[in-house]
Amino acid sequence: MKELEEKIIQADSLETLEKVRVELFGKKGILSAQFAKMKDVPGPEKKAFAEGLNKNKAALQASFDAHYEVLKAEEIERLLKAEAIDVSLYGTIAHKGALHPVMETMDKIIDYFVALNFAVESGPMVEDDFHNFEALNLPKYHPARDMQDTFYFKDGGLLRTHTSPVQIRTMLERKPPIRMIAPGTVFRRDYDLTHTPMFHQVEGLVVDEKGRVSFANLKSILTDFLQYMFGEVEVRFRPSFFPFTEPSAEVDISCIFCEGKGCRVCSHTGWLEVLGCGIVDPNVFKSVGYEDVSGYAFGLGVERFAMLMHKIPDLRSLFEGDIRLLEQFR
Ligand code: PHE
């Protein structure tokens, strides 16, 4: 009896305890064997013998149950430790991509004009002198060419300095009326806080029968467009010069940083310049063979819009590919 109890108590895992259970209480186990001896016990002693066996069995069962509880509790404890989750650890972070702020801004601009039935046109980034300058009323040696520091190739080709050549290409391909925008990449030899050698523009051009396109049309669409982009800003048209438009204007919005009071960003003027525009110069129509038409055109820098909308202080940071900057735009 003592031995049997030892067996139970010495089992140090649920597995060994299970083996002990079979050994003791199983059909072919020690206790069954003892009960089998009943038949050899003489009649009068049978009762006492059976009672003794039953008592032993109950006692063994009790120690078995108690030891089982102990081992089970230990097992649970061990599992809890092994499967413990440290909630203070970092999980696996899934990095989600996002549109670059310049492309996001470009899309927003395109959406506006597409909704107003403007077609989206494109042209090559490597241009020739005719499309980039000549046809835009910028003859060779014209001083206004200095406004755009150009990258030239040895064969006389160049990287387009603005999206305006797409105006020329579209007009050469099609008959008026024209209602288009041309979003695209442009290049200039420039590099500082507000200029990078590669940047993006969106060009706009509307051409229709003479007298059907006016400066008033241009003014109203650009005012609405700028308020769509920047919210409740004031819009001001300031006389300016572009070779391909006459009259020309630069368009300012009231400074979104100081609300027109004057701050460093707007050089204490209260205004931010955001666009160039004007009525298409007759010489441009002449160079594409258009007659008896009138039109307006505008051009804007997408990076400048993105910088203002996201309050990015250094334009160059948009092209350094620094993940810490880009992650802010997810
Ligand atoms: N092409 C001009 C520039 O790059 C912008 C512009 C386009 C101005 C169309 C007027 C009309 O500066």
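Here the chain carries DSSP beta bridges of which approximately 95% are antiparallel, counting only pairs with both residues inside. Between E291 and E234, the contour length at 0.36 nm per residue exceeds the Cα-Cα span by 16.9 nm.
One compactness figure for the chain is 2.17, namely its Cα radius of gyration divided by 2.2 N^0.38 Å. A Förster distance of 45 Å, applied to the separation of the beta-carbon atoms of R78 and L325, puts the FRET efficiency at 0.40. Each Lys or Arg adds one and each Asp or Glu subtracts one; over the other residues with Cβ under 10 Å from the Cβ of E134, this totals -1. Net charge of the neighbourhood of P247, taken over other residues with C-beta under 12 Å away and scored Lys/Arg +1, Asp/Glu -1, is -1.
Looking at region 74-162, the trypsin sites (Lys or Arg not before Pro) that sit in a DSSP loop and have at most 13 other Cβ atoms within 10 Å of their own Cβ are K96, K140, K154.
Measuring between alpha carbons in the structure, the pairs from K219/K286; K7/K57; K2/K72; K2/K27 lying more than 18 angstrom apart are K219/K286; K2/K72; K2/K27.
Could you tell me how far the Cα centroid of region 298-329 sits from the Cα centroid of region 28-72, in Å? Region 28-72 and region 298-329 have Cα centres spaced 86 Å from each other. Residues M180, M198, sorted by accessible area with the largest first, give M198, M180 [1.4 Å probe; ligands and nucleic acids excluded]. In the chain, the longest principal axis of the Cα atoms and the axis of helix 43-82 are about 20 degrees apart. Which value, in Å², gives the accessible area per residue of the chain when a 1.4 Å probe is used on the protein heavy atoms? Dividing the accessible area of the chain by its residue count gives 59 Å².
Every pair of different Cα atoms in region 2-82 enters the Kirkwood calculation, which places the hydrodynamic radius at 14.0 Å. Taking 0.36 nm per residue of sequence separation and removing the Cα-Cα distance, the K46/E273 pair yields an extension gain of 70.3 nm.
Protection proxy ranking, highest mean first, for peptides 41-49, 16-24: 16-24, 41-49, where packing is the per-residue count of other beta-carbon atoms within 10 Å, averaged.
Per-residue extension of 0.36 nm, minus the Cα-Cα distance of N217 and F153, leaves a gain of 19.1 nm for this segment.
Please check which bits of region 284-305 a label hung off E209 would reach, taking the label as a point 7 Å along Cα-to-C-beta and the cut-off as backbone N under 12 Å. Zone members listed by number: 293-294.
If a paramagnetic tag sat 7 Å from the Cα of H100 along the Cα-Cβ line, which residues of region 127-164 would have the backbone N under 19 Å from that point? The answer is 159-163, whose backbone nitrogens lie closer than 19 Å to the label point. Expressed as a whole percent, the accessible surface of the chain that belongs to carbon and sulfur atoms is 55, based on a 1.4 Å probe.
Note on K57 and E6: their simple-model spin labels are 2.5 nm apart, each label 7 Å out from Cα toward Cβ.
The values are calculated or read from the model by the stated rules, or taken from the named source; none is laboratory data. In this text, all values refer to a predicted model and were calculated from it rather than measured experimentally. FYI the Cβ positions are ideal-geometry reconstructions off the backbone, even for glycines, and counts take in every protein chain you see. Each accessible area value is taken on the protein alone, full model and side chains, heavy atoms only, with ligands, DNA and RNA left out. Shrake-Rupley method; radii C 1.70, N 1.55, O 1.52, S 1.80 Å.
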